[in-house]
Amino acid sequence: MAPAEPVQDNFDLGIPGFTYADLYRPERLRALFERWRELLGESDAALAARYDGWRATQGEGLSPEALSEILVEIAPHVSRFVARLFQVEKEWDLERHAVQDELIVFRFKDEFVKRRAIKRTVTDFKQARVEGDLALTRLGVTGAALDDERTVARAICGVLDRETALKKRPVDDPELVAVRAELAVLEAWMVARKPELHHWMSVHLPHALPDALHLVELKRPSEKMPELIVGPTEKRRARDGFKLTDRRMSPSEVLAQVDYCLYCHDRDKDSCAKGLHDAKTHEVKKNALGVELNGCPLDEKISEMHLLKRRGDALGALALICLDNPMLPGTGHRICNDCMKACVYQKQEPVNIPQIETGVLTDALKLPFGFEIYGLLTRWNPLNVRRPYPLPYRGEDVLVVGLGPAGYTLAHHLLNEGFGVVGIDGLKIEPLPTTLAGDFERGILPKPVRDFGELYGELDERILLGFGGVSEYGITVRWDKNFLTVVYATLARRETFRVYGGVRFGGTLTLDDAWAFGFDHVAIAVGAGKPTIIDVKNNLMRGIRKASDFLMALQLT
């Protein structure tokens, strides 16, 4: 493969009249939005009229179901426009087709494995395998293809289609009898082979949730020391060094979770987003541990996002997430799970929504200019009818104290409202290179990132940037801190944002200093939690280290 052409600092975008530099100018982003509206009107005038009506009323009087409906209808137009803007239509189409190709596995799982094969009793596994192999050979599946889930799924679903086409015939119709006999052989084959097909998505069935008071399986290996407890050895994961230990779900595993979702938004029953409520009292339910099941604290459009992802539209799904959670690299897998707690599945394992959210983000980042696409959708998003594009600088400046999740999220929203923002943090924060962040005062654009891999680094080699507060120094190697780089670089590319590390508010910089520097507002975002001190005698003696102290020292040194 020939090496990719180097990307120029400024280049023409796929929408005529717009260049890369325009993506950082509020007035040009407004013009880009108007162009999107024109194209929407050309492709679907009725939908464009509904969109304009929604925007004019800001959704007042719109039912939750109607809001979900228009979001799901508009999102594909946003993704198609963005794909054209960055000229990645081919790659976007390939991704969509790959997802559609994968969905045959989940049809196979629902219609064959769950409804038929799982009920089949097999006494002779060897004979069942031989007969099943012969049946699949007649269907054109031979050799290594017998171990390929999609190939087998496609072949057996073809037999299911033949049965459906013949169902109106009498039950003793020879052709119908033959098809059903063939399906019986294939069901037995599936049961016989299931133990060795543990890597197939179609054999993974949801399990019942354990007792809430015994969530972690424990073993007591010593009768002489009954207080000694260990976890099951088969679930242990050895860690060598400081590389990322949890590589997240594969695309197939993410799609399995998407397929598992019931898509409750069209009935306003999407408890993952809105909380699980009692049908009679409408009060928020609590789980067995007394935790209120409030759902996503950001009211993220979860079910709608799943539907777009299932259709293969990762960019549309990303736009839906960015509507309520534009800083999504800082959430998702390993960070929050309030949505899972409130999932409609309360007696069996819930949909792994954080994995799906992170999967949508990584799908987008893998596209050419994926990092640029994510950054654009944080500041330009037609699904956000209240603020579809950022306002120009309004002449007011805000000092944000603390650049953890609260601080950097607040900074983002302030920037979109037209404020100038200076963020400070007590931690040392490494500056980003000018090629990545740009230098607007000197007229230097951020260099476009075509391949997100250019920014990615293994955690044992990655330089700790200090940005992100507790997310940077307080989370173990199970979470990919490269996502913090995404957030940091996305904010650093805003013309009216500055960041300074090693500044302690109340010491290095006082409130009076802030007013003297001309700030109009000061926002305190330094965390609401108290440090956990273990109540152990002599816990402050020499040689004893707190986890927070150790992690802070590790980050700083």
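If only one of Leu103, Leu146 is surrounded by 15 or more Cβ atoms within 10 Å (Cβ to Cβ) and without any contact (Cβ under 8 Å) to a residue 24 or more places away in the chain, which one is it?
Answer to the check: Leu146.
Pairs are defined by a Cβ separation below 7 Å, a sequence spacing of at least 6 or placement on different chains, a first member in the stretch 514-530 that is on the phi > 0 side of the Ramachandran plot, and a second member that is assigned to a strand (DSSP E or B) and modelled with pLDDT of 95 or more; the pairs so defined are Gly518/Asp397. Residues of the stretch 439-454 that are touching a residue at least 24 places away in the same chain (Cβ under 8 Å), out of contact with any Phe, Trp or Tyr (no Cβ under 7 Å at 6 or more places or on another chain) and either open to solvent by less than 20 Å² (accessible area, probe 1.4 Å) or farther than 19 Å from Arg498 by Cα (or both): Pro446, Asp451.
When Met1 is tested against (1) at pLDDT below 95; (2) part of a helix (DSSP H, G or I), only condition (2) is not met.
Filtered by the rule that a residue be touching a strand residue (DSSP E or B) at 6+ places or on another chain (Cβ under 6 Å) and open to solvent by 30 Å² or more (accessible area, probe 1.4 Å), the stretch 423-433 gives a lone residue, Lys428. Scanning the stretch 248-291 for residues that are acidic (Asp, Glu) and touching a residue at least 12 places away in the same chain (Cβ under 8 Å) yields Glu253, Asp259, Asp266, Asp268, Asp270. Flag not set for Glu458, criterion: open to solvent by less than 10 Å² (accessible area, probe 1.4 Å), modelled with pLDDT under 95 and within 29 Å of Pro368 (Cα to Cα).
Select from the stretch 295-315 the residues that are open to solvent by 30 Å² or more (accessible area, probe 1.4 Å) and either free of Cβ contacts under 8 Å to residues at least 24 places away in the same chain or closer than 20 Å to Glu95 by Cα (or both) and list them in ascending order. If you could, list the steps in order and put the result at the bottom.
Within the stretch 295-315, the first condition is being open to solvent by 30 Å² or more (accessible area, probe 1.4 Å), and the residues that meet it are 297-299, 301, 307, 310-311.
Selection gives Leu307, Arg310, Arg311.
Considering only residues in the stretch 165-177 that are assigned to a helix (DSSP H, G or I) and open to solvent by 60 Å² or more (accessible area, probe 1.4 Å), the one that is farthest from Thr121 (Cα to Cα) turns out to be Ala165.
Quick grid of which residues meet (1) under 30 Å from His214 (Cα atoms); (2) outside any helix (DSSP H, G or I); (3) open to solvent by less than 30 Å² (accessible area, probe 1.4 Å):
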position: Lys269; (1), (2), (3): yes, yes, no
position: Ala317; (1), (2), (3): no, no, yes
position: Cys322; (1), (2), (3): no, no, yes
position: Cys343; (1), (2), (3): yes, yes, yes
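Can you say whether Asp9 is of a type in the set (Asp, Glu) and either modelled with pLDDT under 95 or more than 18 Å from Asn384 (Cα to Cα) (or both), as far as the supplied structure shows? Considered against the rule, which asks whether it is of a type in the set (Asp, Glu) and either modelled with pLDDT under 95 or more than 18 Å from Asn384 (Cα to Cα) (or both), Asp9 comes out as yes. Scanning the stretch 326-341 for residues that are more than 18 Å from Ser252 (Cβ to Cβ) and either open to solvent by 10 Å² or more (accessible area, probe 1.4 Å) or assigned to a helix (DSSP H, G or I) (or both) yields Leu328, Pro329, Gly330, Thr331, Arg334, Ile335, Cys336, Asn337, Asp338, Cys339, Met340, Lys341. Selection of the stretch 366-394 for residues being hydroxyl-bearing (Ser, Thr, Tyr) and either buried (at least 19 other Cβ atoms within 10 Å of the Cβ) or closer than 18 Å to Arg37 by Cα (or both) yields Tyr374, Thr378, Tyr389. Of all residues in the stretch 49-72, exactly one satisfies the criterion of being open to solvent by 70 Å² or more (accessible area, probe 1.4 Å), closer than 19 Å to Tyr389 by Cβ and among the small types (Gly, Ala, Ser), namely Ala56. Out of the stretch 467-492, which residues are among the aliphatic types (A, V, I, L, M), part of a helix (DSSP H, G or I), farther than 14 Å from Leu455 by Cβ and open to solvent by 10 Å² or more (accessible area, probe 1.4 Å)? Result: Val470, single match.
Filtered by the rule that a residue be in contact (Cβ under 8 Å) with a residue 40 or more places away in the chain and within 25 Å of Leu414 (Cβ to Cβ), the stretch 17-54 gives Tyr20, Ala21, Leu23, Tyr24, Pro26, Glu27, Leu29, Arg30, Leu32, Phe33, Trp36. Before we move on, is Phe86 in contact with a Pro (Cβ under 8 Å, 6 or more places away or on another chain) and surrounded by 13 or more Cβ atoms within 10 Å (Cβ to Cβ)? In short, yes.
The values are calculated or read from the model by the stated rules, or taken from the named source; none is laboratory data. All of these numbers come straight from a predicted model, not from anything done at the bench. Glycine gets a Cβ as well: all are built from the backbone with ideal geometry, and neighbour counts include every protein chain shown. Protein only, heavy atoms only, side chains kept; ligands, DNA and RNA dropped before computing areas. Shrake-Rupley method; radii C 1.70, N 1.55, O 1.52, S 1.80 Å.
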